[in-house]
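Undergrad: Got a structure for you, questions after.
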Amino acid sequence: MNIHGLVLLGILLSSLLTGVVIFFLKEESHRLRTWLNLVGAGLKLVLVAALLWGIYRGEEYSLAFDFLPGIQFALGADANSVLFVTLSSFLWFWTTLYAVGYLEDSPHRSRFFGFFSLCVTATTGIALSSNLVTFLVFYELLTVSTYPLVVHRGTPEAMRGGRTYLAYTLAGGAVLLLAVAWLHHLAGPVPFTERGFDQGLMATHRGDLQVLFLLFLLGIGVKAALVPLHGWLPRAMVAPAPVSALLHAVAVVKAGAFGIVRIVYDVYGVENAAELGVLGPLALAAGITILYGSVLALFQDELKKRLAYSTVSQVSYIVLGTAILGPLATVGGLVHLVHQGLMKITLFFAAGNYAETLGVHRVSGMNGVGRRMPLTTAAFTVAALGMIGVPPLAGYISKWYLKKGAITAGDEWVALVLALSSLLNAAYSLPILYRAWFLDPPPSWPHEHRLGRLETHWMLLAAPLVTAAMVVWAGVFAESSFSPLAWVKLIAGREYGP
């Protein structure tokens, strides 16, 4: 094993070993557990930075070995995997910091942070997988490691939410297993490659490949929360705020969207998928999901559920960009993988702060929160405006490229879907901001925040402020050489361009 393989392995082990050690810590080992969490998350960031530097210098990273006859465990670092692993590692660090502050006085912290680390290990493995079997292994590990986080509180509501989550994701995993086994039977090992299948397989198994695409979409679409496979996501919001942030921005939902990107671009090949006629139905499913999630968000008074239905809508922007043939739409979909993660995690961090500090869980109870928690609400405002697509924030960049790509590809109906979605985003987000900043707070709260004092625990405040600043940076400096957009343009130009 060379140094490059060790870097890939180290990225996985930085969270895996952290989680295993934390499982054995006593509950009172608060300081040690905190340091282990932060050191593990920090080490992963350092290793990912080393990976980025190596790729910038033109080095190749891979690690592979046979663990069953004819089945290879393989990791690699192509442009897509680097994009996703960088996002996951960056957001994991801030989610870890936030979770330490949020759960400071909670029971079962060692169990929580153990599974928390395993969840991120699975997400990192999904990002770095370089063939379909390895992807499947980590995809199923993500289901198993996330369930204990959803049911962490142990209340009847949490257990019901956990059962729903498990039912959906295990069913999806079974369908995915069937699809992988069937495809392996037809084509042998399936590495992720830029152009997908060769024409020989397309010619001899056209019908099989069309059915298989539907199976892949059903299996992975559960985690991507495509309608009607989305039902687990609002019910999983009973989990603590750090878990909600993890589900929506770092791990599960992002893994589903990333999985669809992998199937379209790196298993089938986007041109092959277009020839098979499967991209049109995928785009239609994404468009329906975008509007359906936005409409349902309008009627949710519980803040986390409103954000959950917003996720159902927003994640399908990624799927929509994947389903439109052309580099501009590809740019819009892939960059939204990053932008949505930054915006959504900011919203859930802020929602957790309102719940933890003020006991506010519902939109109807948010009157005046901006006066009591101005920094948290400023971060929430930036992320919400970004979701609407207000320039020059990150969400505007994603939507502009998606709209331009759709029009260029002759899919004008997509532009209409995006316009309606933005109006619906505004309809369910702006009333929250109006309540927060312009209505009077209840008499039990101080009417104004006291200058010179933190409005909540510094760990709960640092995370949303940093991610909100990234939402601004990703939009304002979108055309700089070091923005997510610049990296995605490189991917689209080299791998999925004409």
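Every number here is computed from the coordinates shown, using simple stated rules; none is lab data. Given the structure is predicted, the values throughout are model-derived calculations rather than measurements. Please note: Cβ atoms are built from the backbone with ideal geometry, for glycine as well, and neighbour counts cover all protein chains shown.
Undergrad: Taking volume of the Cα convex hull per residue in Å³ as the quantity of interest, determine which of (1) 317; (2) 138; (3) 169 was computed from the displayed structure.
TA: Checking each listed value against the structure points to (2).
Undergrad: In addition: Stretch K404-L68 to full length: gain in nm at 0.36 nm per residue minus the Cα-Cα span?
TA: 116.3 nm
Undergrad: Please list 3J(HN,Hα) in residue order for the stretch 298-313, calculated via the Karplus relation 6.51 cos²θ - 1.76 cosθ + 1.60 where θ = phi - 60°; whole Hz, with x for glycine and proline.
TA: Once θ is set to phi - 60°, the couplings for the stretch 298-313 become 4, 9, 9, 8, 5, 4, 5, 6, 4, 5, 5, 5, 4, 5, 3, 6 Hz.
Undergrad: Let me ask something additional. From the phi angles alone, apply the Karplus equation (6.51, -1.76, 1.60; θ = phi - 60°) to the stretch 171-178 and give each ³J(HN,Hα) in whole Hz, x where the residue is Gly or Pro.
TA: So the Karplus estimates, Gly and Pro as x, are 4, x, x, 5, 5, 4, 4, 4 Hz.
Undergrad: Rounded, prolate or oblate: which one fits the stretch 231-332, using the alpha carbon gyration tensor with axes a ≥ b ≥ c (rounded when a/c is under 1.5, else prolate when a/b beats b/c, else oblate)?
TA: The shape class here is prolate.
Undergrad: What longest range of the chain stays clear of loop-exposed chymotrypsin sites (Phe, Trp or Tyr not before Pro) (DSSP non-H/G/I/E/B, at most 11 other C-beta within 10 angstrom)?
TA: The reported range is 25-298.
Undergrad: Neighbouring Cβ atoms within 10 Å as the yardstick, rank D208, D66 fewest first.
TA: In order of increasing Cβ crowding within 10 Å: D66, D208.
Undergrad: Enter the angle in degrees (range 0 to 90, nearest 10) between the Cα long axis of helix 109-128 and the first principal axis of the Cα atoms of the chain, meaning the one along which they spread out most.
TA: With both axes taken from Cα atoms, the answer is about 30 degrees.
Undergrad: Please give me, ordered by residue number, the trypsin sites (Lys or Arg not before Pro) of the stretch 31-92 that lie in loop per DSSP and have at most 11 other Cβ atoms within 10 Å.
TA: The qualifying sites are R57.
Undergrad: Distance from the Cα centre of the stretch 125-173 to that of the stretch 215-253, in angstrom?
TA: 9
Undergrad: Let me ask another. So if a site counts as exposed when it's one of the GluC sites (Glu not before Pro), its DSSP state isn't H, G, I, E or B, and it has at most 13 other Cβ atoms within 10 Å, what's the longest stretch of the chain without one?
TA: Of all site-free stretches, the longest is 61-447.
Undergrad: Fewest to most neighbouring Cβ within 10 Å: what's the order for H336, H361, H185?
TA: Least to most surrounded, the residues fall as H185, H361, H336.
Undergrad: Something else about it: What are the ³J(HN,Hα) couplings of the stretch 87-103, residue after residue, when phi is run through the Karplus curve with 6.51, -1.76, 1.60 and θ = phi - 60°? Round to Hz, x for glycine and proline.
TA: 4, 4, 5, 4, 6, 5, 4, 6, 5, 5, 4, 5, 5, 4, x, 5, 9
Undergrad: Using the 10 angstrom Cβ neighbour count as an exposure proxy, how do D411, D78 rank, fewest first?
TA: D78, D411
Undergrad: So which of K254/K399; K44/K254; K26/K254; K223/K404; K254/K344; K26/K305 end up more than 22 Å apart by C-alpha?
TA: The answer is K26/K254; K223/K404; K26/K305.
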